[in-house]
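The structure under discussion appears below in the form of structure tokens.
The values are calculated or read from the model by the stated rules, or taken from the named source; none is laboratory data. All figures in this text were calculated on a predicted structure; none of them were measured in a lab. All Cβ positions, glycine included, derive from the backbone under ideal geometry; neighbour counts span all protein chains shown. Ligands, DNA and RNA are excluded from the accessible area calculation, which covers all protein heavy atoms including side chains. Shrake-Rupley method; radii C 1.70, N 1.55, O 1.52, S 1.80 Å.
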Amino acid sequence: MSIFAAYVDPKIVQVDNLNYDTLATIYFQRTTVIISELVLFWALQRMLVAMGNRPLQKIINWSLMLNPGLLMVDNMHFQYNGFLYGILVHSLVDAKQASSFSSEITSTRFGKLLRSGILFAALLNFKHIYLYIAPSYFAFLLRAYCFENSGNSIRARSWISAFRPLNFVALGVSVIAIFAASLGPFVAMDQLPQLAGRLFPFKRGLTHSYWAANFWALYSFADRIMIVLVSKTPLGQYFNLALDESALSATTRGLVGDTAFGVLPTVTAQHTLILTVLLQIPSLISVFRKPTFDRFIGSVVLSAFASFLAGWHVHEKAILLCTVTMSVAIANQVGASPNSGVNAGAFSTSDQKGSSALTPRDVRAFMIVSLAGYIGLWPLFFTRPETPIKVLITAIWFVVVGSGLDQCIPKQPKSNDTLLSSKSMLRYFSLLERLYVFGCIPVQIYVNIVHEAVFGQDRLAFLPLMMTSVYAAVGVVYGWLLYSATYFSSSKALDKKKTR
Amino acid sequence: MAPTTLRANKASKSKANTAGAGASSSSPSPHRTTTTTTTSFTTTTTHSSTSPATTPEAPKLKNLAVYRYATWLEENQLKKTAVWIAVAAAVLVRWTVGLGPYSGQGVSPRFGDYEAQRHWMELTIHRPIREWYSDKSKWWDLDYPPLTAYVSWICGFLGAKINPEWFAWETSRGYESTDAKLYMRSTVLVFELLIYISSIVVFTQRWFAHKPWTRQHTALLLILLQPGVILIDSGHFQYNTVMLGLVVWAVNFFLGDQDVLGSVAFCLALGFKQMALYFSPAVFAYLLGKSFRQGFFGCIWKLIKLGVAVILTLGLLFSPWMESKEEILQVVQRIFPVFRGLYQDKVANIWCAVNIVIKLRERFAIQDLIRFSTLATLLSFLPSLVHLIAKPTKRGLIYGLINSSLSFFLLSFQVHEKSILLPALPITLLILDEPALAALFNTLATFSMFPLLRQEELTMQYYVLLGFWVWITTGTFNNVSTLLKFLSALNLLVIVSMHLGEMFVAPPARYPDLYAVLNSLWSAAGFVLYWAYFNYRQFTLVNTPKMGFRVTKSKTHKLA
């Protein structure tokens, strides 16, 4: 890309020119972002075909294309995420197409799977953030591509006979080849340790400058509260809690640095790694037992969540990984829902593909995670002119997609109509969830307007950030629990149906 | 492009269009009515339970992306939220444009319109009201009518509460900061939201009262996305939408037969910007014609009511300066600064075009020019005026507004490029009645303002918004005559080639303003054609009992 840039303005590509910004440079860089996002557009067109071209399916497409997170991060913050997510969606679509073929061994099916794997490997080399979902890919490809797949789970005896060494080698070689092509030059110059150090900044601390909306945000928040309790009230002496004085100033400043906790035990990188793996394993097992696309995409979502929630030094932008994969999952379910749309009739149980149809619970989880995640992104855009933009984009997205998805939910024949009599798009939401959605408004009004008016710009600057991320974290964790509950219950239900 | 080819184009265009105008209004209509009657017949017989979306005119718009979006909204029962989504989207677009530079940003000695507006806020909060128009500080004189001054006072008052530095007396001249810009931009947006956007929402509800909701919403979206208004108000920095919004409110009241309220709203528009005078012949003719139809006493009573309303409104607005003759004269002189000359910069009207051949400004005295241009303007809106008095219909009112404002723009004294927004307003209101023509007009009008926008480095915003406008309105050109298709393609070709030329070929040293002149010539030619066409249209309109229906003679005849 920098090769093209040299044509426009040779000064752009000089490495020492760090804060170089002219209007021409900005235009050039922004244009490259917009052009590279065409990859996403193309991928979504393919997805539309692969998932069944229903009119309402377009909502999901547009929800992805005009995703406020992507819009904000790419076009305002400046990154090439659209391009990368485009590749990811391509890869997922390949997997979907592969699994929609019959389970007979066809070369196209394996070809698709191989391509999916290769695309994903390339993606990993673009941005290592996709390591978050690599475990599910690994499990899925290993099972679906490298083993004979007759549709049922394999008994222990036949594991060896089902193994397809040729496929295994093909996949392995191509993945290694991609890594070699990307990392080769650095290996040759002996810079690998430095590269690894840059890519995996374990030294940087548990949380990013603004806390990403994950477990650790809640954990840090709990710690803050404990500090206040211990120092201001006699509770500390009562429980005999020691206060680490050095930590007092550390987290409040919100610097990119090591995080220290005042009261609660310190978390190390090993802890987060173990926790992440533990959270991922259940879904991986489920995929490995039966590699359908439904399970695969579900596990991708859950791995992304696990890494986001429990990972070390997670950036807020990683929430996009959860929401994008989640919308692909939702698109898949909309495609599977019989007669979704205006004339959604009775809920048909005889589903040919075995995919689970869209349920209100999925929509609730998706909407809450998206809302929370995007609000969690807001602190990235802190200048005042940007505030209305981020608010409006998110609000428009939430209303359009929320009410669009609401129409996608197939209507149950004998549902308690009295309860759902209201036509609001939030009719499936429980009281707490509604409170959460509407609660965003006062919280954000405080964060964006009231706080500065009351305290000025400098005092307690971390308080609004903390409120935003804690509020968002609650939503993300809740959505994650809801989604995993759906995931595991639905896969169980499908299994039961099969055995009957 | 050489001027000779351009003139040749113009000639062919004008010749072709006069023939085509007749063809497009008379010949396709019988054909259209026959097809529509059959389709409506079949729909009623086969799917008797379907929604009223399949009305006669509906298929015409199917290739319009906005229309499909509106249909989708209707299918999903999103009618209630849709308006909010549209408004939010409109605000979003305006705010994003507002991130760009404004008129005179960082241009040191005098700055631009932004500084003028800021200075008026400073002036109104620091000087007593009677000195507003006689202030001699040799900075930007207040040259808009009192309502602008009052609005400036409100903005200045609130702004000074936030940060007194922005509007400090004398020390704040040329003050620039991101926060001040943010505040100023948000005042524009708030007033636009309260007056203009709300008026458009109500207008679409009233104008499409007997039409399917999808059409109403399509019109709303298209009108809100009209590029010219966005670029001038949110980009260049002005409060035109307050005036335009008040005019639309006046139209809204006229549509609801609330004539007194309508004339009050129109007087407020006049009291905000004197440019609203462009519309006054049509409003006057409409109200007069309507009064004549009330019988003798009804007529007198109505005229008294309207007169009292107008005098009271204007009187209240000007009351602080009413005490002596000198004072009111001073206000009037400020509002009508005739000394500024026949036109400013390069404006796409007739005088500027004639000026290329005959140097009017050097050859004639300014008094003669004023007299001559006023007479010409009068003559050019007279036919439409007379017609409107004779047939004061609601649809005729919109066409009358178009014709009188176009006449003023083309022929009156001291016209600015931005004034094209005035004719553009009623034309845009007809976006679904004359879809292709309205779309084309807005493209041309936005193009005609390009030299101004380029000065302010708003080119990126211009390209994006104009490109978007052309893209969303391409669907309107599907059912029109080949001639119109050709003209629109030609127009696009000329616009693109002029922009490319400007980017890559430097103008010769003798004519540094070559591109600006070509731009104004091309646009002026287009506007003259539009003037002729809309006059023709106004005379072929037919009075219909239900507004918002049937335009041409043959149509009503067949359907009745």
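So residue A:417 clears everything in (1) of a type outside the set (Phe, Trp, Tyr); (2) at pLDDT 80 or above; (3) not in a helix (DSSP H, G or I) except one condition, right? Which one?
(2)
List, please: which pairs have Cβ atoms under 8 Å, are six or more places apart or on different chains, and start with a residue in segment A:379-403 that is facing chain B (nearest Cβ under 7 Å) and end with one that is open to solvent by 40 Å² or more (accessible area, probe 1.4 Å) and modelled with pLDDT of 75 or more?
A:384/B:178; A:384/B:179; A:385/B:99; A:385/B:178; A:389/B:96; A:399/B:81; A:399/B:84; A:403/B:81
Take residue B:84 and decide whether it is hydrophobic (A, V, I, L, M, F, W, C), under 29 Å from the mean Cα position of the chain (by Cα) and away from chain A (no Cβ under 14 Å).
Criteria not met by residue B:84.
Would you tally the residues in segment B:271-294 being open to solvent by 40 Å² or more (accessible area, probe 1.4 Å) and either of a type outside the set (Lys, Arg) or assigned to a helix (DSSP H, G or I) (or both)?
Here the count works out to 4.
Looking only at segment A:394-407, which residues are farther than 16 Å from residue A:362 by Cβ and crowded, with 22+ Cβ neighbours inside 10 Å?
Correct list: A:394, A:400.
In this structure, does residue B:129 turn out to be at pLDDT 85 or above and of a type in the set (A, V, I, L, M)?
When the stated conditions are applied, residue B:129 does not pass them.
Quick one: is residue B:229 surrounded by fewer than 24 Cβ atoms within 10 Å (Cβ to Cβ), in a helix (DSSP H, G or I) and out of contact with any His (no Cβ under 9 Å at 6 or more places or on another chain)?
Here the answer is no, as residue B:229 does not meet what is asked.
Evaluate the following for residue B:137: is it farther than 25 Å from residue B:203 by Cβ, more than 14 Å from every other protein chain (Cβ to nearest Cβ) and crowded, with 21+ Cβ neighbours inside 10 Å?
When the stated conditions are applied, residue B:137 does not pass them.
Scan segment B:356-371 and tell me whether some residue there is surrounded by 24 or more Cβ atoms within 10 Å (Cβ to Cβ) and assigned to a helix (DSSP H, G or I).
No.
Which condition number does residue B:182 fail, the rest of (1) among the aliphatic types (A, V, I, L, M); (2) in contact (Cβ under 8 Å) with a residue 60 or more places away in the chain; (3) within 19 Å of residue B:239 (Cβ to Cβ) being met?
(2)
So residue B:460 clears everything in (1) at pLDDT 90 or above; (2) under 30 Å from residue B:99 (Cβ atoms) except one condition, right? Which one?
So residue B:460 meets the others, but not (1).
For every residue, the table says whether it meets (1) within 14 Å of chain A (Cβ to nearest Cβ); (2) part of a helix (DSSP H, G or I); (3) open to solvent by less than 20 Å² (accessible area, probe 1.4 Å).
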residue	(1), (2), (3)
B:397	no, yes, yes
B:402	no, yes, yes
B:408	no, yes, no
B:432	no, no, yes
B:436	no, yes, yes
B:444	no, yes, yes
B:462	yes, yes, yes
B:466	no, yes, yes
B:480	no, no, no
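Name, by its number, the condition in (1) buried (at least 24 other Cβ atoms within 10 Å of the Cβ); (2) β-branched (Val, Ile, Thr); (3) touching a residue at least 40 places away in the same chain (Cβ under 8 Å) that does not hold for residue B:204.
All conditions are met except number (3).
To keep it simple, each residue is scored yes or no on (1) more than 14 Å from every other protein chain (Cβ to nearest Cβ); (2) under 26 Å from the mean Cα position of the chain (by Cα).
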| site | (1), (2) |
| --- | --- |
| B:146 | yes, yes |
| B:168 | yes, no |
| B:183 | no, yes |
| B:204 | yes, yes |
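Could you tell me whether residue B:268 is open to solvent by 20 Å² or more (accessible area, probe 1.4 Å), in contact with a Pro (Cβ under 9 Å, 6 or more places away or on another chain) and either within 23 Å of residue B:113 (Cα to Cα) or at pLDDT 95 or above (or both)?
no
Check B:99, B:123 and return the single one that is away from chain A (no Cβ under 14 Å) and of a type in the set (A, V, I, L, M).
Sole residue among the options that is away from chain A (no Cβ under 14 Å) and of a type in the set (A, V, I, L, M): B:123.
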